Amino acid sequence: MNYKWIALSNTTIGTLMASLDRNIVIIALPTIALDLNVSLITLVWITIGYWVVTASALLTFGRLADMFGRVKLYNVGFALFTVGSALCCISQTGEQLIIFRILQGIGAAFIFSNSAAIISDSFPESERGKALGINQISIVIGSVIGLVVGGVLTSYLGWRSIFWVNIPIGIFATVWALSKLRELGQPKRERIDWSGNILMTLAILLLLFGITFGSFQIINIFWTVIFIFFGALFLFIFYLIEKRIMHPMIDLTLFNSKVFTSSNIAIFLNSMARGAFSFVIVFYLQGPSMSLSPLEAGLYLIPVSLALATFAPIAGWMYDKYKSPAFSQLGLLLSAVGFLMLVGIEEQISLVEILLPLVLIGAGMGVFTSPNRTAIMNSVPQNRRGIAAGVSTTLVMSGSAFSIALIFVVFSVTLPVDQTNNIFSGTFDNTLEDTSISKQVILEKFLLSLRYIFLISAFLMIASAIIQYKVK
């Protein structure tokens, strides 16, 4: 087999596994909550802990990849991810599951920060869009199809099975990568920006702690403001330091390219919209309104995956041919229309009624993703592709994590904290007699929150399209 196809096949398996685990756990959260008897805040951090550590480590690993070789660190990531998956299977508490998910996230950071750069090194520019399009299909499809696969596995084999599937695939792909992948880049030794790494990690953690803990009223408004203030302050200090040091964590000169800057802003906003959608649609389908099983909820979401799988390779091929930013803008607008259609969601909805908006959301994701990532990788020099891939994927993970925080800010405005906790932990019906609020009133406020979230997602998509149009 031509080497470029070996590189594409292996990295696509890696990104599929890593991205699938971003969301596969979401559809199992109601089951995990009941089995391990965990609180809502624990459930949230089981989800976003993976994204936070991946976002925090990606830039460092992208820098290390440019310095020591992309293939070596990619192989380390595959092995770590496989070990983390095995440990998740045997978790006995919510806290253990958070820790093992973090180990998975470290492995995923190695995979994500190197896969796009390995592909870009292996393919000529004339074929790069198609290759990255195929690889990017795996990232977004993994995120969406994880909901479907997770529903099937959770229904028939229990929630632990969602991690079993990674073990044999991970072992095979790790051995394959070690034996077949070779280094085509030109490693360049530079110093590690430890101050930048620490500041970035602290900033993300403080912002997310402040938003999530504040939304659940675990901390009062004073500490919420303190966390958010210092998170923002550390981000500002990080920016000042990165401008001055010789070998920064983020090469800010990359942002001199309007294409690189606008494409990364768009991917961040897109990720916020997509992450919010994936999380709330699962709890809508399995919650007190629809009361579907994990399997039934997964089946409802198949149209998103099918539309994405259909349109992503077509968009990649079209971008290779015409090099037009209009493709990614069109994808953003298609998804925005789908989200706007969901703003009218009711207490009950059939698969036929929800089909069109789900297809539009999935098709829009597919049309956006391939041209966007190809534009990012083509806008930087060859020896900067590792850090460029790290920046864009960091923004994807950060957007996903902040989207979860955004969701519960919305819910905190419309619903009492205890009722939000009951809905998302699966104990809504059991605790209803302990509250003076009627079930119908709570469901109406729950639906109102969903409508606000879908409206915000549509706005984020439209804003992304406008940003890209202004700098075309």
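The values are calculated or read from the model by the stated rules, or taken from the named source; none is laboratory data. In this text the structure is predicted, and so the values were computed from the model without any measurement. Every residue, glycine as well, gets a Cβ built from its backbone with ideal geometry; the counts of neighbours run over all protein chains shown.
Would you please list the contacts, defined by Cβ atoms under 6 Å and residues six or more apart or on different chains, that run from a residue in the stretch 18-35 that is small (Gly, Ala, Ser) to a residue that is modelled with pLDDT of 80 or more?
Pairs found: Ala18/Ala108; Ala18/Ile111; Ala28/Gly150; Ala28/Thr154; Ala28/Trp159; Ala28/Ile162; Ala33/Leu43.
In the list Phe277, Phe311, Phe327, which residue meets the criterion of being buried (at least 21 other Cβ atoms within 10 Å of the Cβ), touching a helix residue (DSSP H, G or I) at 6+ places or on another chain (Cβ under 9 Å), aromatic (Phe, Trp, Tyr) and under 24 Å from Leu450 (Cβ atoms)? Quick ask: steps written out before the conclusion?
Values: Phe311 fails: under 24 Å from Leu450 (Cβ atoms); Phe327 fails: under 24 Å from Leu450 (Cβ atoms).
The match here is Phe277.
Go through the stretch 86-98 and give me each residue that's touching a Leu at 6+ places or on another chain (Cβ under 9 Å) and not β-branched (Val, Ile, Thr).
Leu87, Cys88, Ser91, Gln92, Gly94, Gln96, Leu97
Those residues that are among the acidic types (Asp, Glu) and either without any contact (Cβ under 8 Å) to a residue 12 or more places away in the chain or within 25 Å of Tyr469 (Cα to Cα) (or both), I need them from the stretch 328-373; list them, please. Can you show your working first?
Step one: list which residues in the stretch 328-373 are among the acidic types (Asp, Glu), which gives 346-347, 353.
Answer for the stretch 328-373, where residues must be among the acidic types (Asp, Glu) and either without any contact (Cβ under 8 Å) to a residue 12 or more places away in the chain or within 25 Å of Tyr469 (Cα to Cα) (or both): just Glu353.
Suppose we filter the stretch 76-99 for residues that are crowded, with 23+ Cβ neighbours inside 10 Å and farther than 18 Å from Thr393 by Cα; how many remain?
Count: 4.
Tell me yes or no: at least one residue of the stretch 301-322 is at positive phi, out of contact with any Ser or Thr (no Cβ under 9 Å at 6 or more places or on another chain) and in the same structural domain as Trp159 (by TED's automatic domain parsing). Outline the logic, then answer.
Step one: list which residues in the stretch 301-322 are at positive phi, which gives none.
No - not one qualifying residue is present in the stretch 301-322.
For (1) more than 24 Å from Ser403 (Cα to Cα); (2) assigned to a helix (DSSP H, G or I), each residue gets a yes or a no:
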position	(1), (2)
Thr212	no, yes
Leu235	no, yes
Leu240	yes, yes
Met249	yes, no
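Residues in the stretch 71-89: is at least one modelled with pLDDT of 85 or more, in contact with a Phe, Trp or Tyr (Cβ under 8 Å, 6 or more places away or on another chain) and not in a helix (DSSP H, G or I)?
No, that holds for no residue.
Each row is one residue, and each column tells you yes or no for (1) within 27 Å of Ile134 (Cβ to Cβ); (2) modelled with pLDDT of 80 or more; (3) not in a helix (DSSP H, G or I).
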site	(1), (2), (3)
Ile32	no, yes, no
Gly49	no, yes, no
Leu64	yes, no, no
Leu103	no, yes, no
Ser113	yes, no, no
Ile119	yes, yes, no
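Could you look through the stretch 430-469, keep only residues that are part of a loop (DSSP other than H, G, I, E, B) and of a type in the set (Val, Ile, Thr), and pick out the one that is modelled with the lowest pLDDT?
Let us first name the residues in the stretch 430-469 that are part of a loop (DSSP other than H, G, I, E, B), namely 435-438.
Subsequent filtering for residues that are of a type in the set (Val, Ile, Thr) retains 435, 437.
Working: Thr435: 52, Ile437: 60.
Among them, the one singled out is Thr435.
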